[in-house]
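To start, the structure under review is shown below, and the notes come after it.
The values are calculated or read from the model by the stated rules, or taken from the named source; none is laboratory data. Fair warning: this is a prediction, and the values are worked out from it, not measured in the lab. FYI the Cβ positions are ideal-geometry reconstructions off the backbone, even for glycines, and counts take in every protein chain you see. Accessible surface is based on the protein model in full, side chains and every heavy atom, while ligands, DNA and RNA are left aside. Shrake-Rupley method; radii C 1.70, N 1.55, O 1.52, S 1.80 Å.
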Amino acid sequence: MPVQRIRAFILGLLVAPILSMSVGSAFAQTEAERLQSLIDDRNTRLESIEAEIREFESALLEVGAEKDTLQKAISQLSLERKKVLADINYTENQISNTDLQINKLTLEINQAERDIISNESAIAEIIRSLNANDNDSMIEILLRYDNLSEFWDIIESLETVRNSMTTRVKSLDELRILLEEKKISETSKRTELSSLKKQYSGQQAVLDNNKAEKDQLLKATKNEEAEYQTMLSLRKEAREQLIVEVQNIESQLKFILDPNSIPTAGTAVLRWPLESVYLTQYFGYTKFALSNPSVYKNSMHNGIDLGAPVGTKIHAPLTGTVRAVGNTDLVSGCYSWGKWILIDHPNGLSTLFAHLSHVGVTNGQKINTSDVIGYVGNTGYSTGPHLHFTLYVSAAVEVKQFSQFKAVTSCGAALSPFAAVEGYLDPLDYLPPL
């Protein structure tokens with residue numbers, strides 16, 4: 001084979017895969033740039049919606065500070081509706097953004113796979129070329145040529161092929177690593193997308209609850225302020241009676257705490273269940289407080305309250321398993337927790353989340369730290385939108401119907417967590433400092 005033909009063959013061997021890769025890469029790069037531009041636009045839109053949500057939250061704080069009137073309740077529900085609609089809009093844009101990112105990753109993965117195939121093909125050709133020449137001895141190759149110059153030209157060309165193969169192998173390894181990273185990122189994005197779609201569904205439920213609550217309020221009060229104030233008075237009276245009955249029930253429950261069964265107080269083993277923390281009432285459910293009701297009447301609180309607008313996402317403070325969910329509002333006249341969730345954690349602690357607008361988990365479900373489990377609401381007996389957060393020793397708390405304790409309460413068949421007083425813990429002892 002003439003030297004020129006060998007050189008042309010080697011040059012074609014080295015250049016052809018590069019050309020095919022360049023054409024494919026150019027197209028993929030153009031499409032990836034287009035998708036990135038759409039992603040950037042979506043991010044700008046998200047920032048605008050975030051500002052809108054903050055305005056609604058600020059307005060809700062102002063309304064919440066006003067005296068309880070029917071007009072305030074209606075205004076608050078209307079503002080909550082607008083805020084939840086903005087939340088839904090934000091989630092819709094997040095879903096679209098994540099879809100675009102998945103499309104971009106899919107494009108990059110396909111291009112990486114094509115590049116890997118091209119590199120593998122180029123390496124195979126180089127190996128075949130080397131094997132064809134390596135079957136002959138150096139003397140046999142030398143005897144094929146009329147002069148030494150042509151022989152050295154071929155040897156030099158073969159060395160170029162060997163160097164090219166080394167470069168190709170290195171490039172192939174890098175492409176495989178990149179491909180794995182892209183696939184991991186795509187899997188993560190798909191998980192995020194699934195979570196966002198579930199979140200969207202929860203927010204839609206919050207919106208439906210808002211409408212039902214407004215309709216019920218107008219029906220119950222006939223749009224009359226006097227009717228509203230009477231309703232508030234009756235609810236407050238029923239709630240105070242229920243508190244006394246629950247305290248009587250729990251004072252009869254027996255529990256001896258083993259300090260070694262739970263984390264040491266002062267250890268921040270939990271994360272805050274809300275992104276923004278506004279503490280409105282502290283914990284005070286102790287034997288001492290209960291034995292001095294005249295002094296501690298306003299402090300006998302078996303958890304902490306965190307103020308937040310309806311629809312605010314509630315995050316799991318720690319990995320765990322949902323022991324039970326419930327809704328005391330299903331029993332007419334039961335002014336208790338409303339919609340609630342009880343989660344058992346692997347460190348001997350259990351957490352209760354109450355007055356929710358929507359429960360986003362089910363009995364027995366495994367959850368991870370920071371998972372969205374529900375949304376802040378105003379269900380049950382609540383003087384305004386907030387999250388009631390209780391911390392128990394897991395071994396002390398049990399879920400039962402009120403009627404199982406033969407209480408005189410109107411809650412009857414409603415399910416609720418109950419625990420001996422010694423089974424309650426101050427959540428602030430296990431949360432990061434404010």
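What to note about this one:
- For region 185-229, the carbon plus sulfur part of the accessible surface works out to 49%, probe radius 1.4 Å.
- From most to least packed by mean Cβ count within 10 Å, the peptides 225-235, 240-250, 199-209 give 199-209, 240-250, 225-235.
- For region 317-434, the solvent-accessible area with a 1.4 angstrom probe is 34 square angstrom per residue.
- Applying the criteria of a DSSP loop state and at most 15 other Cβ atoms within 10 Å to the GluC sites (Glu not before Pro) of region 34-118 yields Glu66.
- Packing, taken as the mean count of other beta carbons within 10 Å per residue, orders the peptides 35-44, 343-352, 69-78 from highest to lowest as 343-352, 69-78, 35-44.
- Solvent-accessible area, 1.4 Å probe, carbon plus sulfur percent, for region 344-432: 50 percent
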